[in-house]
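Below: one structure, written as structure tokens.
Bear in mind that the values in this text are calculations on the coordinates, not laboratory data. These numbers come from a predicted model, not from an experiment. Cβ atoms come from the backbone with ideal geometry, glycine included; neighbour counts cover every protein chain shown.
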Amino acid sequence: MTESPSNPDPQVAHQHYNNAERDRKNRLWESAISHYNSALRLFPNNPESHLGIGKSYEGLNSGREGEAYLTMALDHYRVSLTHKSDLTEAHDAYITLMIRMGRSDELIREYQARSKEHPEQLIFQTCLKKIRTLLLLSLEPSSSSSAPNPHKMTRVVLNAFVPITSLLCLLISFALKMNGGSIVQSKFSSVLLKASGFLFAVFVVYKVIVGLQRKSTR
């Protein structure tokens, strides 16, 4: 931790931080925020404390004040990254929450700008790749835009076109087998059956990844 000019006791700050982490893991959000703030009063530039407060505000996301809590969470994630731009956990939390809030277009622009401003920091390029992967898998809406959304089109293909095509290939394959026919028809039926199996496997893997990604953001 970086000490403030008043030279506070680091052990006291660590105790507040440890208490905050304990309460956050126990879903005692308000108590956790109180402890994080106590730690920040001693070491105001500590990125981990800002990260913890952000996560706690996400936990408080309910009722009328839900949107306000999420906005405060974003603010603390930004402050955390201001003090430690390579804090991967803060980037992950910030990216995930922005996508949840439907602000993916803004998020991409922000990281593209950061990547251009700081080309020496590879973390921003890594985050851009992560954002695009999450958008490909996520069903969360992006910010409103009339422009075509390639991520949305890809999700439509994976959610609708792939399983429907798999089923059609399977039905045509069975129909060809039922009718007998030439060697060419038999080979074509075999190709369709393999294609159906492959497409179905793609669909299942996609759904499993989406499920895991949703679970990780809760």
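Computed from backbone phi with θ = phi - 60° and the Karplus coefficients 6.51, -1.76 and 1.60, the 3J(HN,Hα) list for region 74-91 is 4, 4, 6, 4, 5, 5, 4, 6, 5, 7, 8, 5, 9, 6, 4, 4, 5, 4 Hz; x is used for glycine and proline.
Arranged by the count of other C-beta atoms within 10 angstrom, fewest first, what order do Glu89, Glu67 take? Kindly include the intermediate steps, with their values, before the conclusion.
On the way: Glu89 15, Glu67 11.
If I rank by nearby Cβ atoms, fewest first, I get Glu67, Glu89.
Shown in residue order for region 32-39 are the 3J(HN,Hα) couplings computed by the Karplus curve 6.51 cos²θ - 1.76 cosθ + 1.60 at θ = phi - 60°: 4, 4, 4, 5, 4, 5, 5, 5 Hz (x for Gly and Pro).
Extending 7 Å from the Cα toward the beta-carbon at both Val157 and Met178 defines two label points whose distance is 3.2 nm.
The stretch between Lys116 and Ala68 holds 14.2 nm of extra length on full extension. This uses 0.36 nm per residue minus the Cα-Cα distance.
Between Ser85 and Lys207, the simple label model (points 7 Å from Cα in the Cβ direction) yields a spacing of 4.4 nm. The label-point distance for Arg100 and Gln11, in a model that sets each label 7 Å from Cα toward Cβ, rounds to 3.7 nm. Each of Met72, Met98 was scored by other Cβ atoms within 10 Å of its Cβ. Listed from fewest to most, they are Met72, Met98.
For region 1-137, just say rounded, prolate or oblate: build the C-alpha gyration tensor, square-root its eigenvalues into a ≥ b ≥ c, call rounded for a/c under 1.5, and beyond that prolate if a/b exceeds b/c, oblate if not. Oblate. By the beta-carbon count within 10 Å of each Cβ, the least crowded to most crowded order of Ser173, Ser56, Ser115, fewest first, is Ser115, Ser173, Ser56.
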